[in-house]
Amino acid sequence: MAYNDFSMDNHWLPFTPNRHFRKEPRVFVAAEGMHFTTHEGLQVIDGISSLWCVGAGHARAPINEAIKKQLDTLDYATAFQASNDKAFQAAEMIAAMAPGDLNKVLFCNSGSEAADTALKVALAYHRARGEGHRNIFIGREKGYHGVGFGGMSVGGIPANRKVYGAALLPRVDHLRFIHDPVNHAYIHNEEPVWNEDPLLELENRILPLHDASNVAAVIVEPVAGSAGWYLPPKGYLARLREICDKHGILLIFDEVITGFGRLGTNFGADFYGVVPDMLTFAKCVTNGVIPLGGVICRDKLYDQMMKTDAPEHVVEFFHGYTYSGHPVACAAAMATLTLYKQENLFARAAEMGKLLGDAFHATFKGMPNVIGIRSLGLAAAVELAPLAGAPGKRAYNIFLDCFRAGSLVRPAGDVVVIAPPYIVEKSHIDTLVNTLADAIRKNA
Ligand SMILES: Cc1ncc(COP(=O)(O)O)c(C=O)c1O
């Protein structure tokens, strides 16, 4: 069925070239399982879990039922000075899934809010323990932590920062990027082994420059997702943990993409065996169905904040959102996490990820303009040589051609990423990879 009863005059699309979009709209009107239907009746495979969100596939009855039931029971309740049962229950489930003593969950509504919340916890925590001078944050080049002013400042994707220079947080530095295009252009479900230590600059340059005693936190994505699926060198995250511990610096993992199964484990922290002090999540926690994000904090952060001398009626942490712990979002999260478990979907992500990685390396290596391939978990990226004078255009054109052929893939600069829902079948992987191969050839 085709639906065309909308005008395009008012909706300003996010992170989208709006002028071109109007010429060739891509508008979804329905979704089920692995597929969308567009307003023109085209069936499109969701090759990117709709921005890394839809782990269990679309239109899952247990999640939808939980939402409907919650709407009829408690639609919404103030989040301040009171709460709701679903917020406590969802926090308990999430904390139980998180490693170590990551036990205290602050809810918000998105990955951007989660990043900003984590940065604020870091400042408040250090101040509470008498180290208010620790107010420097360290992010990483090409990192993505959303679009709030905090996340944007610690983020490292140049286009996202370029226009906002004057408004970026002043006390921020960045680690170097973690990609070695010469020795590790092709990474196939493995941890790249670097000959040099990419964290030497943190110890030998960045921390001495600012003085480590002034640094509040380091924030990184375990695997850099939005930039184009860049994997950390072997031992990198463990060493980062060591350095942070040595200097009393908090370590924050932004797990908005790696959280809830993408690497075949609950979190990237589990995959790499490194427990951060805070872990941010969003996206897959509700299967993308309803906005929900959060920060899971180690007990020591919460305990420190509760140790205040202020009278008991005084708020300990002046932060929160009207919709923090929204009962409908939390009901959706519980149904989603239960479904992931019942269907063993994280293990399935790991298993299907091997097929995806194999298909990427077997198909794309040696194709025209392909200069790198990276696969890990249920995500893989193919990197292309940019068109002269037009960075990003080749991948964008490939994305368009794939879409026309019924496959949704994700362009990121000159990288194209596929990260399907965990329910993906081999036949979907074959279709996605073959469609992408045709488009790469066409745009050679
Ligand atoms: C690692 C990471 N952090 C934060 C965000 C921002 O999340 P949101 O778009 O929900 O604000 C994203 C979004 O892609 C992300 O990948």
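The values are calculated or read from the model by the stated rules, or taken from the named source; none is laboratory data. Remember, predicted model here, so these are calculated numbers, not experimental data. What goes into the accessible areas is simple: the full protein's heavy atoms, side chains included, and nothing from ligands, DNA or RNA. Shrake-Rupley method; radii C 1.70, N 1.55, O 1.52, S 1.80 Å.
Computed over the Cα atoms of the range 52-109, what is the convex hull's projected area averaged over all directions, in nm²? Before the final figure, lay out each step's value.
Values: hull surface 21.4 nm².
Averaged projected hull area, Cα only: 5.3 nm².
Measuring nothing but protein heavy atoms, the accessible surface of the chain at 1.4 Å probe radius is 54 percent carbon and sulfur. When the alpha-carbon atoms of the range 186-311 are used, the pair Rg, Dmax equals 16.2, 58 angstrom.
With a 1.4 Å probe and all protein chains left in place, how much accessible area per residue does the range 1-55 have, in Å²? Counting only protein heavy atoms, the per-residue value for the range 1-55 is 64 Å².
Using a 1.4 angstrom probe with every protein chain in place, what is the largest-first accessible-area order of Leu384, Leu74? All intermediate terms of the calculation are to be shown ahead of the outcome.
Values: Leu384 5, Leu74 55 Å².
Ranked from most to least accessible, the order is Leu74, Leu384.
Of all DSSP beta bridges confined to the chain, the antiparallel ones make up roughly 65%.
Using the 1.4 Å probe convention, the accessible area of the range 83-233 works out to 42 Å² per residue with neighbouring protein chains retained.
Taking θ as phi - 60° and the Karplus parameters 6.51, -1.76 and 1.60, the scalar couplings of the range 190-196 work out to 9, 9, x, 9, 8, 6, 9 Hz in sequence order, x denoting glycine and proline.
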